[in-house]
Structure formats: C-alpha cells, structure tokens
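Enquirer: The following block contains the structure, expressed as structure tokens.
The values are calculated or read from the model by the stated rules, or taken from the named source; none is laboratory data. These figures come from a predicted structure and were not determined experimentally. Here the Cβ positions follow ideal geometry from the backbone for every residue, glycine too, while neighbour counts run over all protein chains shown. For accessibility, only protein heavy atoms count, side chains too; no ligands or nucleic acids. Shrake-Rupley method; radii C 1.70, N 1.55, O 1.52, S 1.80 Å.
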Amino acid sequence: MNYLVVGSGLFGSVFAHEAAKRGHNVQVLEKRDHIGGNIYTREIEGIQVHEYGAHIFHTNMKNIWDYIGQFAEFNNFVNSPIANYKGDIYNLPFNMNTFNKLWGVITPDEARNKIEEQKEKIHLQGNPKNLEEQAISLIGLDVYQKLVKGYTEKQWGKSAKDLPAFIIRRLPVRFTYDNNYFNDRYQGIPIGGYTQIIEKLLDNPLISIKTNTDFFSNKEEYLKSDYRIIFTGMIDQFFNYSLGELEYRSLKFETEVLNQDNYQGNAAVNYTDAETPFTRIIEHKHFEFGKGNKGKTVITREYPKKWTRGDDPYYPINNKRNKELYSKYADEAKRDYPNVLFGGRLGQYRYYNMDQTIMSALQAVKREFEE
Ligand code: FDA
C-alpha cells in the first residue's frame, strides 16, 4: 500500500515512521516550510526555540515515554511556572507557596481555613451560572481575582461572566509546597529540541517529504490516486466548511533575542492581570537549564487571539456546538471517504497533548495493519 500523509506533525510522523517500518512507501506533504507541526523547535543563539508555544513532554504512560525516548534523550526539566500579577510573583499551580505569599499562612490547615473563609464571604445562590461564579466557589475571591480572572479572560477573549462554568470543572489546588505543575510520572524536554525527533521518525528511504505543499492545491488529484490518505489537517477545511466552521483560539507569538544572559529566571511566566495584553512570556533557554550563547537569551510573548480563516488553529473550543458539528463531519468522513483516515489534533478536533497524540497514532497504526 502507498500512503499519503498530510501533515508532518507528531501524528503524521509517527504514522509515517510505523508504515515505512512495515515496508510501505510514504509520501509526506507539509504546507509549512518545515517539518514537525507545532512541536517544531528552531535553534537561535544556541537555544532551542519552541516556535509554536512552550512544549513540555509529560505522561503517565510508560510505553509512550519509552517510545519517544528512542528518538531523543530527555532532560529532567520540571514545569514550575510562576504568575506575575501587577509585579507580585506567585507560584503555580496553586499550592502552599502561593497561599503563603497571598495570606501569610504557613500550614495546610491554615490555608484550608482561609480558603473556606474566602468562599463563605461570597454567598452564591444555586449552581454556578458562569465561569466567574464557578471559580469563586472553588477557590475564593483572592485567588480568582489575582490569578484566574485576567488570564482566563485574555485567553478566551471574553468576560468570565460570559464564559460557561464547565470550562473550569476544578482548579488544581495542592496543600504542599510543591511547584511541579504536572502530576505525571514522566516529564522532560528533549535535549537538542523536538525537531530531531521528527527528523528521526521520518528518516527512512521509503519516506519522501514535500514541504511548502498544501494538500488542498491538488485535493482532487490525490483523492483519485491509489494512495491511502492519512489526513492531519483541519477536518472542516477538508469538507470546504460545507457544514460550517469549527471554532478555534489562535495565538500570536512575538519572539525577541535579548543581549543578556537571563531575562526572567524561569521558563514560563504567566501575566495574570487583565491589562497586560499577552498571557505569558517564555524564556526558552530555561527549558534546557540555561544552554545557549553567552550574553544572549530568547523570549517569546504569547498573545491569544480569535481564529479566523488563514490563522493557525491552536486550541479547539470544545463546546456543545463544536462537538456536534465535529460529529457531523466525522460521520460524513466515514460515509464518503473510507479511504481517508483523519488523525491528530486538527483531524479529530481534540486537544491532544503530545503523549496522547503519539498514543492515538500508534492505535491507528495497530488498526491499519490489523495487529
Ligand atoms: P500538528 O498541528 O502539530 O501537525 C499538523 C501538521 O499538518 C502541521 O504541520 C500543518 O502545517 C500540517 N497541515 C495542515 N493542513 C495541511 C494541508 N492542507 N496540507 C499540508 N499540510 C497541512 N502538548 C504537550 O504534551 N505539552 C505541551 O506543553 C504542549 N504545549 C502546547 C502549546 C501550544 C500553544 C499548542 C497549540 C499545543 C501544545 N501541545 C502540548 C500539544 C501538541 O502541540 C500536540 O499534541 C501535537 O503537536 C499534535 O500533533 P499533530 O500532528 O496532531 O498536529
């Protein structure tokens, strides 16, 4: 069988790798001028720059950790972001360090009492009607106002009063002095960046790669050919948005090289006030413990924005309308295009983390080759 893999992100690359390993020819098409999709990293001043936003690998699945470990050595980076609220610094996720800074409390019992006291101050009638009420009912007013409200409103481009409560089902709260953001067993950053992983996945004489090539400029030809197609682009675009557009949030990245060794002392700093227009600043060298040229650092400011056609789609918006619309496209795909497999974050309209993307690609491989 000959495969046409549309998109050289993690899903497409894992699939291509596994298909070629089984002796199949694979043609990879990528519309960007480089491979790797959103995990792509580019070296600037000896620093691996995460071009499409911070990417921290974390998983509880040992088989996935072992799988990715074949293609890069991972360091022992632990994600411990901090929040900057109008010049005051707080640790994330919300933990004893955060509560100590906010209220001066020392013990977990003191912190629990303080949160209860905060919640009691606000008497909400019935179930939370919006995100603001939901957040306050979970964590109280202080944390909400300083660390949740501004950040969330910038991220979604809407007032917290107009956002549905379900977006925040729970807020992770830890009554320990532990700043490790993730609870997963395995975590790290590939030493030397992510792009090498994709390069190694696609390094097989049976795989050929065309960058700067958009599937849609030749869609009908490809569909008529004898290729089995693995499509990891946007499923609604595949159908020319015939049933309507799926919604996304997009981002604008502003990257700057600075003539200093250390700008902010941490990989990620979230700006949680409403006035600062960006949500966070990433200082890339801290993902690799300060590697890079002396006297240089690279930072990226992240500005959330509404997605319109032509923008990069980053976050699927999983509300009822979009879920139903996606289902309709998925049904149409099954019925009319049995020879096309829709995969990955855009093909399945899901917010997959990297480990879930790999898992999903390996499951697709198993089904494809009936193993
Ligand atoms: P991906 O979008 O990477 O690849 C799709 C590829 O298809 C792209 O290269 C695109 O150009 C190409 N394409 C689309 N249409 C095409 C067409 N018509 N013709 C040709 N090519 C086409 N995960 C995690 O575990 N830890 C983290 O810290 C983060 N952080 C993070 C930050 C941000 C800002 C985002 C948006 C995402 C994350 N992720 C993450 C998630 C992670 O990026 C994700 O799991 C994988 O990149 C998904 O890989 P895919 O191959 O599915 O899509």
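Enquirer: Over the chain, what is the relative contact order in percent, taking alpha-carbon pairs closer than 8 angstrom and at least six residues apart?
Expert: Values: 682 pairs, mean separation 100.2, N = 371.
Relative contact order here is 27 percent.
Enquirer: Additional query: What dipole magnitude, in Debye to the nearest 20, does the chain give about its Cα centre under +1 on Lys/Arg Cβ and -1 on Asp/Glu Cβ?
Expert: Values: 48 positive and 48 negative charges, 115 e Å.
That gives a dipole near 560 debye.
Enquirer: Also, I was wondering about something else. Got a sec? Which residues in the range 15-39 would a label at Phe253 touch, if it sits 7 Å along Cα→Cβ and we count backbone N under 16 Å?
Expert: 31-39
Enquirer: Less than 11 Å Cβ to Cβ from Leu102, Lys/Arg counted +1 and Asp/Glu -1: what total charge do the surrounding residues give? Intermediate values should be presented prior to the final figure.
Expert: Values: positive: Lys101, Lys114, Lys146; negative: Asp88, Asp142.
Around Leu102, the charge tally is +1.
Enquirer: Could you tell me what percent of the DSSP beta bridges with both partners in the chain are antiparallel, to the nearest 5? Each step should come with its number before you reach the end.
Expert: Working: 31 of 51 bridges.
Looking only at bridges with both residues in the chain, the antiparallel portion is about 60 percent.
Enquirer: Considering only the range 1-108, what is the antiparallel percent among its DSSP beta bridges, to the nearest 5?
Expert: Rounded to the nearest five, the antiparallel share is 60 percent.
Enquirer: Report the net charge of residues surrounding Ile191, where surrounding means a beta-carbon distance below 14 angstrom and charges are Lys +1, Arg +1, Asp -1, Glu -1.
Expert: Working: positive: Lys200, Lys285, Lys291; negative: Glu43, Glu73, Glu288.
Summing Lys and Arg as +1 and Asp and Glu as -1 gives 0.
Enquirer: First compute the accessible area of the chain with a 1.4 Å probe, then give the percent of it belonging to carbon and sulfur atoms. Numbers along the way, then the final one.
Expert: Details: 8090 of 17730 Å².
Summing carbon and sulfur atoms, their accessible area is 46 percent of the total for the chain.
Enquirer: Find the centroid of the Cα atoms in the range 158-198 and in the range 57-127, then give the distance between the two in whole Å.
Expert: 9
Enquirer: Can you work out the accessible area per residue across the range 96-167, with the rest of the protein chains kept in place, probe 1.4 Å, in square angstrom?
Expert: Numbers: 3820 Å² over 72 residues.
Spelled out: the 1.4 Å probe surface of the range 96-167, per residue, equals 53 Å².
Enquirer: Ok, one more. Give the relative contact order (percent, whole number) for the range 296-371; include only Cα pairs under 8 Å separated by 6+ residues. Walk me through the intermediate numbers first.
Expert: Values: 20 pairs, mean separation 17.7, N = 76.
It comes to 23 percent, rounded to a whole number.
Enquirer: Which chymotrypsin sites (Phe, Trp or Tyr not before Pro) in the range 161-199 sit in a loop by DSSP (not H, G, I, E or B) and have at most 14 other Cβ atoms within 10 Å of their own Cβ? Please list the in-between numbers first.
Expert: Details: sites: Phe166, Phe175, Tyr177, Tyr181, Phe182, Tyr186, Tyr194; in loops: Phe175, Tyr177, Tyr181, Phe182, Tyr194.
Answer by residue number: Tyr177.
Enquirer: Output the pairs from Lys323/Lys366; Lys31/Lys146; Lys285/Lys320; Lys62/Lys86; Lys31/Lys323; Lys158/Lys219 with a Cα-Cα distance over 30 Å in this structure; if there are none, say none. Mind showing how you got there, number by number?
Expert: Values: Lys323/Lys366 26 Å; Lys31/Lys146 41 Å; Lys285/Lys320 40 Å; Lys62/Lys86 40 Å; Lys31/Lys323 26 Å; Lys158/Lys219 37 Å.
Cα-Cα > 30 Å for Lys31/Lys146; Lys285/Lys320; Lys62/Lys86; Lys158/Lys219; rest within.
Enquirer: Per residue, how much accessible area does the range 278-368 show when a 1.4 Å probe rolls over the protein heavy atoms, in square angstrom?
Expert: Details: 4440 Å² over 91 residues.
That works out to 49 Å² per residue.
Enquirer: Please give the charge dipole size of the range 286-337, origin at the Cα centre, charges +1 on K and R Cβ atoms and -1 on D and E Cβ atoms. Round to the nearest 20 debye.
Expert: Value, rounded to 20: 220 debye.
Enquirer: Ratio to report: Rg/Rh of the chain, with Cα atoms as the point set and Rh obtained by the Kirkwood method; give two decimals. The partial results should precede the final answer.
Expert: Details: Rg = 22.2 Å, Rh = 22.4 Å.
Reported Rg/Rh (Cα atoms, Kirkwood Rh): 0.99.
Enquirer: Which of the listed residues, Ile207, Ser225, Phe182, is farthest toward the dipole's positive end in the range 174-328, when Lys, Arg count +1 and Asp, Glu count -1 at the beta-carbon?
Expert: Of the listed residues, the answer is Phe182.
Enquirer: Here's something else I'd like to know. Can you tell me the 0 to 90 degree angle between the C-alpha axis of helix 320-336 and the longest principal axis of the chain, rounded to 10?
Expert: For 320-336 against the chain, the angle is about 10 degrees.
Enquirer: Going toward the positive end of the dipole of the range 1-140, with +1 on Lys and Arg Cβ and -1 on Asp and Glu Cβ, which of Pro108, Asn127, Ser137 do you reach last?
Expert: Value: Asn127.
Enquirer: Please state the charge dipole magnitude for the range 96-167, taken about the Cα centre, from unit charges on C-beta atoms (+1 on K and R, -1 on D and E), reported in debye and rounded to the nearest 20. Don't skip to the end; give the middle numbers.
Expert: Values: 11 positive and 10 negative charges, 53 e Å.
The calculated dipole for the range 96-167 is roughly 260 debye.
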